[in-house]
Amino acid sequence: MALLDSMGFALAVGLLFVGLCVGSFLNVVVHRLPIMLTRTWRREAAAELGVPEAGDDLSGERFNLAVPRSHCPACGEPVKAFDNIPIVGWIRLRGRCPDCAAPISLRYPLVEALGALALVAAVLVFGMTWTAAAAAACLWVLIALAFIDLESGLLPDQLTLPLLWSGLLVNLPGAFTHLASAVVGAVVGYLFLWLTYWAFKLATGKEGMGYGDFKLFAALGAWLGWQALPAVALLSAVAGILYALPPILLGRRDRNAPIRFGPFLAGAGSLVLIFRAESAWLLGI
């Protein structure tokens with residue numbers, strides 16, 4: 001009811017629809033971008049080594065974010081248009097492919113719902129402004145990065161670097177922070193995790209995180225300013241500990257097993273972006 005009171009029924013429905021459609025596209029990005037990168041790396045490695053490229057089940061067809069049309073990863077059958085409706089299609093199919101009965105990941109309706117929630121939250125916080133559109137775009141990229149990292153362990157430059165540069169651009173007029181704060185935030189964000197990485201590696205001989213984490217933290221610094229980085233670091237660290245510690249204490253997880261930190265950074269950055277007014281006392285902005 002609060003949502004309807006603040007923005008009106010028609011606008012709320014329209015925003016939810018647009019957000020669900022964007023969420024559906026984000027699912028395509030989450031699934032296909034790692035495959036596209038793997039194929040590119042394999043092709044480049046084969047060319048560098050002068051050996052034939054190792055084939056896979058996709059080697060004989062075009063494969064990008066547009067083609068082929070949506071299909072079941074298990075049996076390859078195309079998804080019918082009606083079954084491709086965000087959330088509704090997954091519920092109608094009861095989470096299973098109608099052709100081979102293979103399970104359809106819960107990630108699909110979850111990402112679609114998060115895509116809608118991101119747009120509605122941005123409009124509620126920033127109003128019907130270009131700032132809200134920028135905030136929604138940032139949140140959508142963070143959603144994609146979080147789930148790509150969860151499923152493949154990658155934080156692709158194709159998303160983190162545009163996110164970083166766009167953060168600096170939107171802050172030229174001071175959308176979320178002053179430009180100087182954004183520039184310092186990008187530098188400090190990268191250097192902080194880079195120094196943490198090397199300190200951990202020198203102390204233990206192990207790699208504690210990947211370079212994608214550095215770039216993602218730098219991007220969050222560019223969007224939110226350097227003042228927000230302590231809050232993002234604290235929230236993501238606490239979330240990571242709460243995720244990993246119970247299984248370790250129960251003996252269900254190796255204490256040396258790597259933790260994919262990107263989802264925690266993305267989640268913390270999203271919370272700070274949306275609730276920056278409420279958390280101003282913590283951020284000092």
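The values are calculated or read from the model by the stated rules, or taken from the named source; none is laboratory data. What you are looking at is a predicted structure, and each value in this text was computed from that prediction instead of being measured. We place every Cβ from the backbone using ideal geometry, glycine too, and count neighbours over all the protein chains shown. SASA here: full protein model, heavy atoms, side chains in, ligands and nucleic acids out. Shrake-Rupley method; radii C 1.70, N 1.55, O 1.52, S 1.80 Å.
Return the residue satisfying two criteria in turn: it lies in the range 242-271 and is aliphatic (A, V, I, L, M) and loosely packed, with under 13 Cβ neighbours inside 10 Å, and of such residues it is modelled with the highest pLDDT.
Among residues in the range 242-271 that are aliphatic (A, V, I, L, M) and loosely packed, with under 13 Cβ neighbours inside 10 Å, the one modelled with the highest pLDDT is 242.
In the list 9, 25, which residue meets the criterion of being open to solvent by 60 Å² or more (accessible area, probe 1.4 Å) and at pLDDT 90 or above?
The match here is 25.
Output the qualifying pairs, or none if there are none: Cβ atoms under 9 angstrom, residues six or more apart or on different chains, first residue in the range 98-110 and within 21 Å of residue 20 (Cβ to Cβ), second residue part of a strand (DSSP E or B).
What qualifies is 104/96.
Can you say whether residue 122 is within 17 Å of residue 274 (Cα to Cα), open to solvent by less than 40 Å² (accessible area, probe 1.4 Å) and either aliphatic (A, V, I, L, M) or touching a Gly at 6+ places or on another chain (Cβ under 6 Å) (or both), as far as the supplied structure shows?
yes
Being open to solvent by 50 Å² or more (accessible area, probe 1.4 Å), at pLDDT 85 or above, within 24 Å of the chain's Cα centre (by Cα) and on the phi < 0 side of the Ramachandran plot: is that true of residue 65 here?
yes
Going by the structure shown, is residue 276 surrounded by 14 or more Cβ atoms within 10 Å (Cβ to Cβ), of a type in the set (D, E, K, R) and either modelled with pLDDT of 85 or more or under 18 Å from residue 149 (Cα atoms) (or both)?
Against the criterion (surrounded by 14 or more Cβ atoms within 10 Å (Cβ to Cβ), of a type in the set (D, E, K, R) and either modelled with pLDDT of 85 or more or under 18 Å from residue 149 (Cα atoms) (or both)), residue 276 does not qualify.
Within the set of pairs 6 or more residues apart or between chains, which connect a residue that is in a loop (DSSP other than H, G, I, E, B) inside the range 235-255 to a residue that is open to solvent by less than 70 Å² (accessible area, probe 1.4 Å) with Cβ atoms less than 8 Å apart?
Qualifying pairs under 8 Å: 253/244; 253/247; 254/248; 255/248.
If we scan the range 180-199, do we find a residue that is open to solvent by 60 Å² or more (accessible area, probe 1.4 Å), modelled with pLDDT of 95 or more and within 24 Å of residue 129 (Cβ to Cβ)?
Yes, the conditions are met somewhere in the range 180-199.
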